[in-house]
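What follows is a short report on a single structure.
The values are calculated or read from the model by the stated rules, or taken from the named source; none is laboratory data. Keep in mind that what you see is a predicted model, and the values were worked out from it rather than measured. Reconstructed Cβ throughout: ideal geometry from the backbone, glycine too, with neighbour counts over all protein chains shown. The protein model used for the area step is the full one, side chains on, heavy atoms only, and it has no ligands, DNA or RNA in it. Shrake-Rupley method; radii C 1.70, N 1.55, O 1.52, S 1.80 Å.
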Amino acid sequence: MKRPSRTIVLGIFCAVANEVLYGFSYLFTKQITNQVSAITLLSWRFLIAFLTLSLARAFGLIKVLYKGKKPGILFAVAFLQPVCYFICEALGVSMTTASESGTIIASIPVVTLAASSLILKERPTHFQMIGIGVSLSGVVLTSLLQGGGASFNLPGYIILFFAVISYSLYAVLVQKARQYTSMELTYGMIAVGAGAYGVMALTEHLLQGTVRQWILLPFTNPDFLAAALYLGIGSSVFAFFLANAAFASLGANRTAAFVGISTVVSILLGVVVLHERFTGWQAFGAALILAGVYIANLGGNRKVFR
């Protein structure tokens, strides 16, 4: 068997690490969104992320150069992820059951395959199609086991599907933004997210008359501060960079196959930290997810890691 190149190994590491960070984000989000709105959390999440990267840039720890580069593709990527995806996901999840939202979001790798075939003219390999199918089965199984019945909320389904499309188009457009480094994409995405969610949160709290509480929230609520710090630095700065690096190295199809790993991580954290029930069927579903990721990454073309 041919030994994978260093580029592929780095790409796989980035994809796995990204999904692990996202898996932890579910725990922090679940513990704090019963106290504040999703927009409030997102506004502080991306403000912290933006300030962190701006400080790193000021001290010369990261290099970001936009001069002479076309901004259109960068703004398109940033609009899709984090703005459009997170809004649609938050609204869709609030309007549907856990099993429904988990099942619809699980279709991201399949839609990404279709988008990359249509836009990038990249034909998926047999291993990728089989692996993503196996992984999708595992995610659907674990989502259905969460229960909650059916909401039959058509607007909720449509909004969740827009979230899926947003993420899939983001995964594809990153491949077309090769003039930007992974860090430049990450900085641009976080800057746009901070601006968009800052305006949304300000509007929300102006209408509610709670602007002062919003501004002071991280200083008066330690639990919120902990969640915002992790989501801002761990699940935004590092996770976005790792995702962009993985897409650059592995391509949209192979990277999308790793999406289910975050589901496995969130299940394990729910059992260990929140003491949620864990069944044999959930273990089987998690095994299917991991098996699918392995199958999808057998073979494949080499991409340029930046």
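With respect to VAL211, determine if the residue is surrounded by fewer than 18 Cβ atoms within 10 Å (Cβ to Cβ), at pLDDT 90 or above, over 19 Å from PHE86 (Cβ atoms) and touching a helix residue (DSSP H, G or I) at 6+ places or on another chain (Cβ under 7 Å).
yes
With respect to VAL36, is the statement that it is over 17 Å from SER166 (Cα atoms), touching a residue at least 24 places away in the same chain (Cβ under 8 Å), touching a helix residue (DSSP H, G or I) at 6+ places or on another chain (Cβ under 6 Å) and not in a helix (DSSP H, G or I) true? So VAL36 does not fit the description; no. Scanning the range 89-112 for residues that are of a type in the set (A, V, I, L, M, F, W, C) and open to solvent by less than 20 Å² (accessible area, probe 1.4 Å) returns ALA106, ILE108. Just to verify a result, which residue in the range 137-164, among those that are open to solvent by 50 Å² or more (accessible area, probe 1.4 Å) and not in a loop (DSSP other than H, G, I, E, B), is modelled with the highest pLDDT? This residue is PHE162.
Among the residues making up the range 277-292, those that are in contact with a Ser or Thr (Cβ under 6 Å, 6 or more places away or on another chain) and modelled with pLDDT of 80 or more are GLY285, LEU288, ILE289, GLY292. Answer yes or no: is there a residue in the range 166-185 that is assigned to a helix (DSSP H, G or I), among the small types (Gly, Ala, Ser) and in contact with a Lys or Arg (Cβ under 7 Å, 6 or more places away or on another chain). Yes, because at least one residue in the range 166-185 is assigned to a helix (DSSP H, G or I), among the small types (Gly, Ala, Ser) and in contact with a Lys or Arg (Cβ under 7 Å, 6 or more places away or on another chain). Scanning the range 87-112 for residues that are within 19 Å of VAL134 (Cβ to Cβ) and in a helix (DSSP H, G or I) yields GLY102, THR103, ILE104, ILE105, ILE108, PRO109, VAL110, VAL111, THR112. What pairs come out if I take residues in the range 59-81 that are touching a residue at least 24 places away in the same chain (Cβ under 8 Å) and in a helix (DSSP H, G or I) and pair them with residues that are acidic (Asp, Glu) and open to solvent by less than 50 Å² (accessible area, probe 1.4 Å) whose C-beta lies under 8 Å away, six or more apart or interchain? Close Cβ pairs (under 8 Å, with a partner that is acidic (Asp, Glu) and open to solvent by less than 50 Å² (accessible area, probe 1.4 Å)) amount to LEU74/GLU184. For the range 165-182, the tally of residues that are at pLDDT below 90 and either open to solvent by 70 Å² or more (accessible area, probe 1.4 Å) or among the aromatic types (Phe, Trp, Tyr) (or both) stands at 2.
Would you say VAL134 is at pLDDT 80 or above, within 26 Å of GLY280 (Cβ to Cβ), out of contact with any Asp or Glu (no Cβ under 9 Å at 6 or more places or on another chain) and not polar (S, T, N, Q)? Step through it out loud before you land on a result.
Details: at pLDDT 80 or above: yes; within 26 Å of GLY280 (Cβ to Cβ): yes; out of contact with any Asp or Glu (no Cβ under 9 Å at 6 or more places or on another chain): yes; not polar (S, T, N, Q): yes.
Judged against the criteria, VAL134 is a match.
Cβ-Cβ contacts under 9 Å between residues 6 or more apart (or on different chains), taken from a first residue in the range 256-284 that is within 18 Å of LEU136 (Cβ to Cβ) to a second residue that is among the basic types (Lys, Arg), are listed as SER266/LYS30. Note on the range 49-58: residues that are of a type in the set (Gly, Ala, Ser) and either closer than 17 Å to GLY195 by Cβ or in a loop (DSSP other than H, G, I, E, B) (or both) amount to 2. Find the residue count for the range 190-220, including only residues that are within 13 Å of ARG45 (Cβ to Cβ) and of a type in the set (A, V, I, L, M). Of the residues in the range 190-220, 6 are within 13 Å of ARG45 (Cβ to Cβ) and of a type in the set (A, V, I, L, M).
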